[in-house]
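Down below is the structure, laid out as structure tokens.
Quick note: the coordinates plus some simple rules give every number you see, no bench work behind them. Values in this document were obtained by computation on a predicted structure and should not be read as measured data. Every residue, glycine among them, receives a Cβ derived from its backbone with ideal geometry; neighbour counts consider all protein chains shown.
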Amino acid sequence: MPRYNPAEIEPKWQQYWELNQTFKTPIRPKSEKVYALDMFPYPSGAGLHVGHPEGYTATDIMCRFWRMRGKSVLHPMGFDAFGLPAEEHAIKTNTPPRVSTEKNIAEFTRQLKMLGFSYDWSRVLATTDVEYFRWTQWIFLVLFDTWFDEDQNRGRPIAELPIPPDVTAQGGLAESEYRDAHRLAYQGEALVNWCPALGTVLANEEVIDGKSERGNHPVQRIPLRQWMLRITAYADRLLGDLEHLDWSPGIKKLQAEWIGRSTGAEVDFFLGSEEEFASWKASRSTTGFPKLIPQDVLRVYTTRPDTLFGATYMVIAPEHPLVQALTKDTQRESVEAYCQAASYKSDRERTEGDTKKKSGVFTGAHAINPTTGRPIPIWIADYVLASYGTGAIMAVPAHDDRDFEFAVQYGLPVNAVVDPGTSSACDREAVLAGKACFVGTGTAINSGCFDGQSTEQVKAAMTAQLSDSGQGKEAVNYKLRDWLFSRQRFWGEPFPILHELGEDGRPTGVVRAVDVSDLPVDLPHLDDYQPHGKPEPPLGKSPHDWLYVEIDGKRFRRETNTMPQWAGSCWYYLRFIDPRNNSAFCDPELEKAWMPVDLYVGGAEHAVLHLLYARFWHKVLYDRGHVSTVEPFQKLVNQGMILGEVEYTGYQVNGQWISTVDLEKDELGQLVCKATGAMAQAVVLGESEVTKKGDGFVLSAEQEVRVDSRAHKMSKSRGNVVNPDEIVREYGADSLRLYEMFMGPLEATKPWSMSGVSGVRNFLDRVWRMYVDYRDDDLRLLDAIVDQSPTAEQNQVLHRTIAAVTHDIEAMSFNTAIARMMEFANFFTKEQTRPRAAMSPFVLLLAPFAPHLAEELWSLLGNTDSLAYEPWPKYDEAATKSAEIEIPIQINGKVRGRLTVPAECDQASLETLALADPKTAELLAGKQVIKTIVVPGRLVSFVVK
RNA sequence: GCCAGAGUGGCGGAAUUGGCAGACGCGCUGGAUUCAAAAUCCAGUGCCCGCAAGGGUGUGUGGGUUCGAGUCCCACCUCUGGUACCA
């Protein structure tokens, strides 16, 4: 019985494609190139998730479509295979992470191949391949060899870094330190999450509320030497170059906000007495604003220099370098206690918490407000971050919410210097009286010579005046911080860096890069992967022949930190272009031929970090002449999340049903009864137990009890994870592909539905039966498939379908493309004769979506080759048009009749025909027509009285 | 709190961007086929009134613009993501 049997035809065609190397991409494009890239997966032990094939199917459809349109398509796949789970598995089982990683990659490969994606598998790579991370290390060395020239706004070789004469005078060591301090890859102290109980350093994601995610042990923040990448140097370009990218405005905005550029001024507040202020001011007007911060001032950054007159106190961060110097003896005890307490808190703890109450302590010191010449107190508070701006602020409580809150709490003065005016929604009287805060713009008051000017005017004038008098300077700041690039982990790329050891066997502080010819630096074999109880990387336990190196009689110790998982994914798109090259990360000529990536599809969770990091590396490679494009990813599409099946949940308190409207969340996030506070129990309900009522669902049996109805994220704990293997086994890969595309728009979040899968399977069955006599014993075409010309109507359906499917694919509107093909099938199923001239092109339309079924039907139609490079069907615009169309007649905006007219019927005849329509005439009788609107091809509308 | 996106039948979702709301699929109802069932095929299916013809009503809520609004404007409500004192 030749029924549609995907279990048979899908493996058959997958083998055919593999054997014939159908999707092998030419080394260089032979026609217009398209580079379509999926965000490659982390090969977890759990296997493929139904979320993966969503984006992969979308790009696969585009690629198959482009190939049929004669383009040269690069469509590769690989694995982002370094990562924590493999290392944790290694710790548990004491097997090398490479073993489990390779096993997982094999499983992922099997699952991906099972879905029939047209990847060029000959280009597959994993970030853990030694020959891959050889080049990741090489790129790190490029970063290490690059400094950022602010004047030219680009990265340049470190050899070209100008060394100031005073540094040269101090000798070679000073010069080398100077260079190290300017490299894009440099070392610095940074806080890490050290968990003594687990004996390991944790990633931020592994720390929840100051406790370890596993085991709930306390986590300390301790400073540790770290590799940093100077991404901040590129902040301006990373922001500016977003403009020309074909990304959704939402993602661009997210990146822009992450970079967080702001403009304002740096201002120095004199740390002396009122009497000394005048002479300090005078000296400043001759020396100008110094680049390095002198000892006698507190420098702040502000975006509102216009409010300087309203600065009534100052705040420095607990980690500010001047804390010790500023603290008066009378305050020392409380300051030390405060700063110590702050150091124990994570950034999270500092800012989180329900109360979010501000805390702080007075230093006892004062600074002079440069506008008023009066002293104002200097406080320490953790609402000021050490890592942003100068780590110190001028507080203007009248015009900043945070400062206002703090001022109220500690009884500090609030002086209004901006009049909100009467049009603002705020309470103007309260603001002027210092009883309320106003953060908007308005007119300056209590601001000396600036009174009466607008906020914008004062900002500019004040900045100019500060600049002239050497007390301040225009300044730009970014929220973006330098990228903490090292991890205290085993399973990552080793740094190609050596630390020189002195006679005593201790590091001298001199570092050198591993010679490019000595790359790759492979990971050593470890006897065990257990944590060793020190906040030091596991590579410290490496065999000595790996750890120690001797060059030119000097001893070196290898860097034992490893790179973060982001490293490998920062440049994989370049390696796919030339994956087996062993003399360069990618041939420059091929890079020029294939870059940039024309379509990049992946989850929105990478909207900020991965895309920002990859763009940064790309720009460095660009500056150093290794790539030809300024940006790597021209068009970006974020697929939406796939949720589990919709679930209905009712709630009970003490066995009694309770309506969701009578429930609320308590402080712990638990659902409790509003009236009694009693905890509610969730009860999972079947579809048959609930009924729609109003805009929600209720229990069928007790209709006053409202229940929850929603889809949840798929998760192991909830038990709603859908396994692609099962779907393929039960419905076939083509059905899975088709269903994921039919669910809704690619970018939307959508719930899974098994009956939806069986719906599209049903469609594929219908398509099969449209061609195949399934009651025959042998596989053969139906007699209805004939070599005769299509009827006019058949031809119109065909051409309309081609037109619609073509446009929908171009717009990546796959759900509607599938709907159009279903309409085609609905129509031709009813036709007794099915001309080849219609049935052949339809198979080609279906091919990008359901490639296995399409290939099978294509070969049944007598073709011997794969349809993968068959020209995409063309449509005739004229054939899609009808000779006659139906036009509605509206009276006062309501449809009161219909008119069948020739398609090209003009305005005048339409009106005549409408007036002649008996029903319309009847309705218009005795009424006065005020206005007649006729839109040819659309409608006739009468407005009557 | 702030930012972004979204609210359309029982459900997933369509709607040349201001012109016949509900394409397509699921579900449901009825019919054909069958000894019967599955499968398949055909028809119907927003809600309300009505035996019917027909009429009314309808895109989260309230207002507005327009001959005409799911689509544009204003205000609000709900949900989903993101974010967290960046001066």
Residue order, fewest to most surrounding Cβ atoms within 10 angstrom, among A:Trp247, A:Trp571: A:Trp247, A:Trp571
Set A:Lys252/A:Lys635; A:Lys281/A:Lys473; A:Lys830/A:Lys874 screened for pairs whose C-alpha atoms are more than 18 Å apart: A:Lys830/A:Lys874
Placed amide H near A:Ala367: partners under 5 Å, 5+ positions off or other chain: A:Ile376, A:Ile378
Rounded tilt (10° steps) of A:733-742 against the dominant C-alpha axis of chain A: 70
At R0 = 25 Å, FRET efficiency that the Cβ-Cβ distance of A:His244 and A:Arg28 yields, to 0.05: 0.45
Whole-Hz ³J(HN,Hα) from phi, Karplus 6.51 cos²θ - 1.76 cosθ + 1.60, for region A:10-27, glycine and proline x: 5, x, 4, 6, 4, 5, 4, 4, 5, 4, 8, 6, 4, 10, 5, 8, x, 4
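Using 1/(1 + (r/R0)^6) with R0 = 56 angstrom and r between the beta carbons of A:Leu861 and A:Leu484, what's the FRET efficiency to the nearest 0.05?
Details: r = 59 Å, r/R0 = 1.05.
Using R0 = 56 Å, I get an efficiency of 0.40.
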Cα→Cβ-extended label distance, 7 Å offset, between A:Glu333 and A:Lys927, nm: 9.1
Residues A:Glu160 and A:Glu500, FRET efficiency given R0 of 25 Å [Cβ-Cβ distance, rounded to 0.05]: 0.55
Using alpha-carbon coordinates, inclination of helix A:851-860 to the longest axis of chain A, degrees: 30
Difference of contour (0.36 nm per residue) and Cα-Cα distance, A:Ala784 to A:Arg69: 254.4 nm
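Report, in debye and to the nearest 20, how large the dipole of chain A comes out about its Cα centre when Lys and Arg carry +1 and Asp and Glu carry -1 on their Cβ.
Details: 100 positive and 127 negative charges, 228 e Å.
That gives chain A a dipole magnitude of about 1100 debye.
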Estimated [θ] at 222 nm from DSSP helical runs (n ≥ 4, -39500 (n - 2.57)) normalised by residues in chain A, nearest 500: -10000 deg cm²/dmol
Mean-position separation - Cα centroids, region A:836-863 and region A:892-911, in angstrom: 41
Cross-link table A:Lys71/A:Lys103; A:Lys328/A:Lys358; A:Lys30/A:Lys113; A:Lys113/A:Lys592; A:Lys71/A:Lys113, entries beyond 28 Å C-alpha to C-alpha: A:Lys71/A:Lys103; A:Lys113/A:Lys592
Label-to-label distance, nm, for residues given as A:Lys592 and A:Gln340 (7 Å Cα→Cβ offset): 6.5
J(HN,Hα) series, region A:436-452, from Karplus relation 6.51 cos²θ - 1.76 cosθ + 1.60, nearest Hz, glycine and proline x: 9, 9, 10, 9, x, 9, x, 10, 5, 9, 6, 10, x, 6, 8, 3, x
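Multiply the residue gap between A:Asp773 and A:Ala46 by 0.36 nm, knock off their C-alpha separation, and tell me the result in nm, one decimal place.
257.6 nm
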Amide N of region A:4-42 lying under 17 Å from the label point, which is placed 7 angstrom from the Cα of A:Thr629 along Cα→Cβ: A:28-40
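How do the peptides A:155-163, A:227-235 rank, highest first, by the average count of neighbouring beta carbon atoms within 10 Å per residue?
A:227-235, A:155-163
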Cut-off under 5 Å, modelled amide H: who pairs with A:Ala126 long-range: A:Phe79
Segment A:Lys252-A:Val661, length gained on full extension (0.36 nm per residue, minus Cα span): 143.4 nm
Approximate spin-label separation A:Glu605-A:Leu915, in nm, with each point projected 7 Å along Cα-to-Cβ: 6.7
Under Karplus coefficients 6.51, -1.76 and 1.60, residue-wise ³J(HN,Hα) of region A:752-768 in Hz, glycine/proline x: 6, 8, 4, 5, x, 4, 5, x, 6, 4, 4, 4, 5, 4, 5, 4, 4
Charge dipole magnitude, Cβ of K and R +1, D and E -1 - region A:257-399, Cα centre, debye nearest 20: 240
Selected from A:Pro97, A:Leu184, A:Gln796, residue furthest toward positive end of dipole (chain A; charges at beta carbon): A:Gln796
For A:Val396, residues with placed amide H under 5 Å, excluding near neighbours: none
